Amino acid sequence: PETGGAPKPQFIFQRELGFEARLEALADPDPEPGPYRDRHVRAALDRHIAETLLASLAITPEPLPKDIAGRAEAARAILEQRVHGRDRLIDAASKEGISSDELDALLRRQARASLYLDRMVAPLLQPSLAELRDLLRSGTTPFKDQPFDQVSQALGRWYVGQRLAQAVEAYYLNARARVVIAVVKKPR
């Protein structure tokens, strides 16, 4: 119902899903040989569906185009950090034939989803310096044993990315009963 129901189906094309699965594989802390595994495809599909649902929900007040553009740039930085670099992101897009416009559309979808969660559910996008310092001290981040001043921006992006991923996953778990997934093969 969030996206218009059965009269307005949403489609995920194979190469889009392949790209998003590659991103999941690149972000996997326990990588296996090969571009991606079944678990990466499932994670990418779940994330794509959840972000699509969240991005289609009304946000009050409606975000301005500059808000979405700014949040999309933040999503790009988080994604680059997740996959360990801009070059790896560009390489993954190239391998799946994803254009820069398609990548921008993915980032705008993530931006709208994150803005919905931040404004309509719970603030997620602006951690305080105290929260970040406590997080760094906990030793549970990829930045342990590094000075706060040197990693504060990267730590902030990592923290926001983690919180958004958890919120998207929680939303999807609640929405799964309302979602019907059908695989449609391309006619030959």
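Would you calculate a helix-derived [θ] at 222 nm for the chain, using -39,500 (n - 2.57) for each DSSP H run of n ≥ 4 and dividing by the full residue count, to the nearest 500? Rounded to the nearest 500, the figure is -20500 deg cm²/dmol. What separates the Cα centres of segment 12-50 and segment 174-188 is a distance of 17 Å. Sparsely packed loop sites in segment 1-54 (the trypsin sites (Lys or Arg not before Pro) outside DSSP H, G, I, E and B with at most 16 other Cβ atoms within 10 Å) comprise Arg37. Gyration tensor analysis over the Cα atoms of segment 1-75 returns equivalent ellipsoid semi-axes of 27, 18, 9 Å (largest first, whole Å). What residues of segment 72-103 lie in the reach of a label at Arg119, counting those whose backbone N is under 19 Å from a point 7 Å from the Cα along Cα→Cβ? Output list for this probe position: 72-76.
Taking θ as phi - 60° and the Karplus parameters 6.51, -1.76 and 1.60, the scalar couplings of segment 37-51 work out to 10, 4, 5, 6, 5, 4, 5, 5, 5, 4, 5, 4, 4, 4, 5 Hz in sequence order, x denoting glycine and proline.
Once the Cα atoms are used to define both axes, helix 148-175 deviates from the longest principal axis of the chain by about 30 degrees. Values of log10 I(q)/I(0) for the chain across q = 0.12 Å⁻¹ run -0.62, by the Debye formula with one identical scatterer at each alpha carbon and no solvent. Sparsely packed loop sites in segment 1-54 (the chymotrypsin sites (Phe, Trp or Tyr not before Pro) outside DSSP H, G, I, E and B with at most 16 other Cβ atoms within 10 Å) comprise Phe11, Phe13. Solvent exposure of segment 46-188 amounts to 61 Å² per residue of accessible area, where only protein heavy atoms count and the probe is 1.4 Å. Here the chain has 54 percent of its accessible surface on carbon and sulfur atoms, given a 1.4 Å probe and all protein chains in place.
The values are calculated or read from the model by the stated rules, or taken from the named source; none is laboratory data. Just so you know, these numbers come straight off a predicted model, no measurement behind them. Using ideal geometry, Cβ is built from the backbone for each residue, glycine included, and neighbour counts are taken over all protein chains shown. Heavy atoms of the whole protein, side chains included, go into the accessibility calculation; ligands, DNA and RNA do not. Shrake-Rupley method; radii C 1.70, N 1.55, O 1.52, S 1.80 Å.
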